[in-house]
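What follows is one structure encoded as structure tokens, with my remarks underneath.
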Amino acid sequence: MAWFRCFTRGENFPGKLAGETGLVGFYTTRFVEASSAEKAEALALEGLRAEAKLAPPAGYQPSGVGKREAQVVQYQLQNKEIGDLAEASVWIDTKTQLPLKRTMAGKRESFTETYSVFTLDSKLFEIPPN
């Protein structure tokens, strides 16, 4: 068996950073002894999953839409003409980074949108030749 150095990037782990609880990312290196690179990767991930410091903090409740884990971003919008202030939230899928749901509530109206299918027009992202 050989020794392997496994460099791992973790994303969207519930944790605490600078006193704020939320989803965080990290980089780490683990050395494992295995018979192949694939087995070394599996052993390194298994070891990371078993580490108590990567477990969610006490009281952490993941947000989600259906069975998809999401990060909630909250913001406010103001209509400058009439001064109304609306509270809004958008749920962003932690794996695809696409929006799953959006809510908005103001004095006069409120709504909820739920997204399930995305079709992107690739022409919107083309750079025209000089």
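The values are calculated or read from the model by the stated rules, or taken from the named source; none is laboratory data. None of the values given here were measured: they were computed from a predicted structure. Note that we place each Cβ from the backbone using ideal geometry, even for glycine, and neighbour counts take in every protein chain shown.
Say we look at the stretch 26-45 and pick out the residues that are touching a helix residue (DSSP H, G or I) at 6+ places or on another chain (Cβ under 7 Å) and either outside the structural domain of residue 7 (by TED's automatic domain parsing) or under 9 Å from residue 5 (Cα atoms) (or both); which of these is surrounded by the fewest Cβ atoms within 10 Å (Cβ to Cβ)?
The qualifying residue surrounded by the fewest Cβ atoms within 10 Å (Cβ to Cβ) is 30.
Out of 15, 19, I need the residue that is surrounded by 14 or more Cβ atoms within 10 Å (Cβ to Cβ) and either at pLDDT below 75 or farther than 30 Å from residue 109 by Cα (or both). Which one? Write out each step before concluding.
Values: 19 fails: surrounded by 14 or more Cβ atoms within 10 Å (Cβ to Cβ).
On inspection, the qualifying residue turns out to be 15.
Strands (runs of 3 or more DSSP E) wholly in the stretch 1-70 with at least 1 residues that are out of contact with any Phe, Trp or Tyr (no Cβ under 6 Å at 6 or more places or on another chain) and aromatic (Phe, Trp, Tyr) - which ones?
Numbers: elements: 2-17, 20-34, 63-65.
So the answer is 2-17, 20-34.
Inspect all residues belonging to the stretch 103-123 and state whether any of them is farther than 30 Å from residue 1 by Cβ, in a loop (DSSP other than H, G, I, E, B) and of a type in the set (Asp, Glu). Before the answer, list the steps.
From the stretch 103-123, those farther than 30 Å from residue 1 by Cβ are 103-123; that's our starting set.
Those still in the list that are in a loop (DSSP other than H, G, I, E, B) too: 106-109, 115-121.
Going one step further and asking which of them are of a type in the set (Asp, Glu), we end up with 109, 121.
Yes, the stretch 103-123 has at least one match.
Only one residue in 85, 77 is surrounded by fewer than 16 Cβ atoms within 10 Å (Cβ to Cβ) and within 30 Å of residue 119 (Cβ to Cβ), so which one is that?
77
Quick check: anything in the stretch 76-91 under 17 Å from the mean Cα position of the chain (by Cα), assigned to a loop (DSSP other than H, G, I, E, B) and either free of Cβ contacts under 8 Å to residues at least 12 places away in the same chain or under 30 Å from residue 5 (Cα atoms) (or both)?
Initial filter on the stretch 76-91 (under 17 Å from the mean Cα position of the chain (by Cα)): 89-91.
With assigned to a loop (DSSP other than H, G, I, E, B) added as a condition, the list becomes none.
Checked against the condition, which is being under 17 Å from the mean Cα position of the chain (by Cα), assigned to a loop (DSSP other than H, G, I, E, B) and either free of Cβ contacts under 8 Å to residues at least 12 places away in the same chain or under 30 Å from residue 5 (Cα atoms) (or both), the stretch 76-91 yields no hits at all.
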